[in-house]
Amino acid sequence: MKSSSRFTANSMNWRKAEMAMGQHNLGTVISFEFFRTIKKRGFVIATLALPVILVLIFALVYASNASTKDTAAAQKSARFAFTYTDASGIIVPAAAKLAGGTVAGDPAAAIAAVKDGTSEAYFAYPADPAKESVKVYGADKGMFENDKYQAVAKELLAVSAQNQVGSPELTAALTGAVKFDSQTFKDGSVAPGVGGIIPPLLFLVVFYISMILLSNQMLNSTLEEKENRVTEMILTTLNPTTLITGKIISLFAVGLVQILVFLAPVGLAYLFFRDRLALPEVDLSSLVFEPGPMITGALLTLGGFTVFTGVLVAIGAIMPTAKEAGTVFGPLVAMMFIPFYTFSLIISNPGALIVQIFTYFPLTAPVTALLRNGFGTLNPVEATVVVVELFVVGTLILRLAVHLFRYGSIEYGRKLSIAGTFRRNELAAK
C-alpha cells in the first residue's frame, strides 16, 4: 500500500509539472526539483540535525570552558608549602621562600613527611640537573592538580638559573624567548608563505563539502523516478538533456542551502563566543589571495564537480535500484580520498610517478590538483592541462549519462547494457 501511494503521489506531482514543462522550460525543471527536495521531511531533518548538534556541542563546550577557566584561575592563585634540598647550588633561597619553600635538613625525613601527609611536597635538586633528574614528591590531589608540583619545581629552577646568568639577553636566548621574523622570496618578491596556501585550499574544502552533501542526492535523483515507474511519462513531454541539466542545477542550489545552514552556527559561534569556546583566532590580514591559484582552484573545483556529477548520473541511469547503485557509489566516493595516502609525496615530490598518475586520472585529479595548487607545486602548464581534461571528460560523461538515461529510464528489472544502448541507437538511425 505504501509503495502504491508513493507511486500515485509522485505521478500526480509529475503530472502537474508536465503541464508547466510543455515547452521544455529548464527553469521550471530547476524550480520543481529544488522545491520538491527541500520540502521533504527527511531533507529538513538531515539539514537541521547537524546545526542543532553543533549548537548543543558549542553550549556544552562553553559551559565546560567557563568551569575550567574558573578552576585554573583558582589553582593558579593557590599556594602550597613545600620543602627542598639543593645539591646544585642553583636555587636562590629568596626565590624559594617567596614560592612557599623551606630548606629540608634530611631528604629521607622530607620524603617521609610527604608520605604521612604532614608535608605537601618535597623537591630534591641534584648536583647536576643537566645529567640527573629533579625528584618531585607530593601528596596526591588528583591527576590534573598533581601537575602543579612539577610546574612549581621547574619554574623555581628556571627563575634561579636566570638569576645566576644575570643577563636578560642571555636568558632570553637560553629560554627560547627570542622572536624571529623570517621572509622568503620568490621571483624577486616576498613569498606569501602560509597566508598564500590557505585561500586556494579552501576550494578543496568546498569540493569535499559539496560532494559529500550532494553525491547521494545526485545518484538518487534519477533512480527515484525510475523506481516509481514514472520516467516514461516524464520523457514523453521533456527532453532528457533538459531534465538532467535541471536536476544538476537544482541539486547544486540545494547543496548551497545546506552549506549555508551548516556554516551558520559556526560563524555565529566564532563572532560572538570565540573566547569562551577556545576557537583559534584567524588573522585575515595575513591571507594572500593570489589571482592565479584562486582562479585555478575555482576551475578545478567546477571541473571536478562536473566529472563526478556525470559519473553519478550515469550510474543512476544504468542501475535499476538505489541498492544496486550503492555498491558502486562507495568505491567512487573513496576515489576522492585516495590522494591523501600520498600527501607527503604531493607536497615534497610532485614529480613522483604516483603523484603524476593521480594528477591526471580524472577521478583523483580534482583533489590531487587542488592540493598541489594550494601548496604551489602545480605549474601553469599542468594546471591548464588538468582543467581542460576535467571539463572535456566531464562534458563527455554528462553526454553519455543523458544517452544512458534515455534508454535506462525504462529498464526496471536489470542493469542497462551500455554497448546495447549504442546498438539500439544505430538501429534507430537506420
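Hey, with R₀ at 51 Å, roughly what FRET efficiency would GLU155 and THR384 work out to, going by the Cβ-Cβ distance, to 0.05? Show your work: numbers first, answer last.
Numbers: r = 58 Å, r/R0 = 1.14.
Using R0 = 51 Å, I get an efficiency of 0.30.
If you count, for each residue, the other Cβ atoms within 10 Å and average over each peptide, how do 122-131, 343-352, 149-158 line up from highest to lowest? If you can, show how the numbers build up before the last one.
Details: 122-131: 15.6, 343-352: 14.0, 149-158: 17.6.
Order by mean packing, descending: 149-158, 122-131, 343-352.
Taking every Cα atom in the range 78-175, find the radius of gyration and the maximum pairwise distance Dmax, and write them in Å.
In order Rg, Dmax, the Cα atoms of the range 78-175 give 13.7, 44 Å.
In nm, to one decimal, how far is the ILE212 label point from the LEU260 one, both placed 7 Å along Cα→Cβ?
2.1
Run the numbers on the range 78-175 and let me know its relative contact order in percent, using alpha-carbon pairs under 8 Å that are six or more apart. Before the final figure, lay out the partial values.
Working: 122 pairs, mean separation 28.0, N = 98.
The value is 29 percent.
Throughout, read-outs are computed from the coordinates displayed, never taken from laboratory work. Just so it is clear, the model here is predicted, and its values are computed rather than measured. No Cβ is skipped: glycine too gets one built from the backbone with ideal geometry, and neighbour counts run over all protein chains shown.
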